[in-house]
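Quick notes on the structure that follows.
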Amino acid sequence: MKKTFVNKEKLEEIITQFPTPFHLYDEKGIRENAREFNEAFSWNKGFKEYFAVKACPNPTILKILKEEGFGVDCSSYTELMMSEAVGFAGEEIMFSSNVTPMEDFVYANKLGAIINFDDISHIDFFKKEMPLPETVSCRFNPGGTFNINNSIMDTPEEAKYGLTKRQMSDAYTSMMKDGVKNFGLHAFLASNTVANEYYPELARVLFKRAVKLKERTGANIKFINLSGGVGIPYLPDQEKADIRKIGRGVQKAFEELLVPAGLGDIAIYTELGRYVLGPYGHLVSKVMHMKEIHKNYVGLDACAVNLMRPAMYGAYHHITVMGKDELPHDHMYDVTGGLCENNDKFAVDRMLPLIEVGDLVVIHDTGAHGFAMGYNYNGKLKSSEILLHEDGTFSMIRRAETPKDYFCTFDFGEYGLE
Ligand SMILES: *Cc1c(COP(=O)(O)O)cnc(C)c1O
């Protein structure tokens, strides 16, 4: 049974100050999970998690994660700006981008971020503007399929990211000639995987590659970045990934592959987004309309603009009707938003308790890739974000958009809409 991290009374208190819809974040859950995560990898001296900013780009959230010792993984100019504003600097910033504009590289370099090249051609591109930094990372794409226990987890050969094996050693060799002293190795081979074997298996692929690269090029490999991809249990019957087990699995691979090769000083980095924040966000919404035609529809004041994953991937997000969780779930509904798009449904054929107009609804697991993926289709405006603090108080950490925000890019020419 999936539980909300907030009760009905508290939510009712919050909505007296902040109208629905909004994303609500659970500071207590975020901090506890962050500490458990750091603890699980504490066997590795240099371990650092670089939170993937794209998963939840909010400065207040980033500041909490900074306090827990995390760095940030950025992929664009504005993510770098936000990270700088929060106080991240130098090697606390990983810049893992692709199809990268020059100004992004220039800015990342100015901040002293670790540049993680997505392509071998990006190295010469970068060098046209500035010398390579002392520490550089490259993203690896092994091609083929990525398997765990003989089942295919994902197909790197279809992925646009990274350098091939051959390109990895060519890149290291040429960058050593250019004076690069320390190297990183990065790969992201499967997304949203709750299997505890994912990181350990990925680690084995990367650790073996590191040993080969060391043999072939003599490069000093400083860190290995396991990137993102550890999943969360969106479904009620799914089990949570066991981060301690995952940490131990990576440690075992480290001791078997890197330590004997004399590479026991390598730091392990990660770039998790979903695992770090996903479960600690709720999309809070109110039932505006009930509609009975060929099917029964619940119309919310939130829509796919606030949470795109169900519309985009058919993703399951659990729904709790506040105060009715104990009632029989004996009504079948499609839970919808108001976009003129028939895929604007948070749930299809979902069994729920009897719903009435005015009910408060929580959509679970929206902390990562939730608000962040929002857009403005149908001229719908993005919601506010509220943080529930550890002591039960709450504050707004992003205001809702207003029509003025929507029109602000027309602040020129004859219409003068602002
Ligand atoms: C998206 C992304 C992540 C985070 O992925 P999650 O699935 O949220 O863990 C990490 N690194 C890179 C390079 C990414 O693109």
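The values are calculated or read from the model by the stated rules, or taken from the named source; none is laboratory data. Just so it is clear, the structure is predicted and the values come from calculations on it, not from any experiment. All Cβ positions, glycine included, derive from the backbone under ideal geometry; neighbour counts span all protein chains shown.
For this structure, a couple of remarks:
- Among the residues making up the range 219-228, those that are within 12 Å of the ligand (Cβ to nearest atom) and out of contact with any helix residue (DSSP H, G or I) (no Cβ under 6 Å at 6 or more places or on another chain) are N225, S227, G228.
- Taking the range 316-327 as the range and being under 25 Å from the mean Cα position of the chain (by Cα) and either in a strand (DSSP E or B) or of a type outside the set (S, T, Y) (or both) as the test, the residues that pass are H317, H318, I319, T320.
- Residue ID - modelled with the lowest pLDDT, chosen from residues in the range 155-182 that are touching a Leu at 6+ places or on another chain (Cβ under 8 Å) and not in a loop (DSSP other than H, G, I, E, B): P156
- Residue satisfying condition, being part of a loop (DSSP other than H, G, I, E, B), modelled with pLDDT of 95 or more and surrounded by 17 or more Cβ atoms within 10 Å (Cβ to Cβ), within set L213, L132, L202: L132
- Qualifying position, being closer than 24 Å to P200 by Cα and in the same structural domain as K222 (by TED's automatic domain parsing), among E39, E103: E39
- So Y198, is it in contact (Cβ under 8 Å) with a residue 60 or more places away in the chain, within 16 Å of the ligand (Cβ to nearest atom) and of a type in the set (F, W, Y): no
- Beta carbons closer than 7 Å, at least 6 apart along the sequence or on distinct chains, pair a first residue in the range 135-160 that is surrounded by fewer than 17 Cβ atoms within 10 Å (Cβ to Cβ) with a second that is in a strand (DSSP E or B) for T145/I152; N147/M153.
- Pairs, first over 12 Å from F37 (Cβ atoms) in the range 265-285, second at pLDDT below 95, C-beta under 7 Å, six or more apart: R274/N192
- The range 350-371, residues that are closer than 17 Å to E12 by Cβ and in contact with a helix residue (DSSP H, G or I) (Cβ under 9 Å, 6 or more places away or on another chain): L360, V362
- Single residue of the range 265-313 satisfying the filter (among the acidic types (D, E) and under 28 Å from V357 (Cα atoms)) that is nearest to the ligand (Cβ to nearest atom): D301
- Taking (1) aliphatic (A, V, I, L, M); (2) more than 15 Å from the ligand (Cβ to nearest atom); (3) in contact (Cβ under 8 Å) with a residue 40 or more places away in the chain in turn, I114 satisfies each apart from (2).
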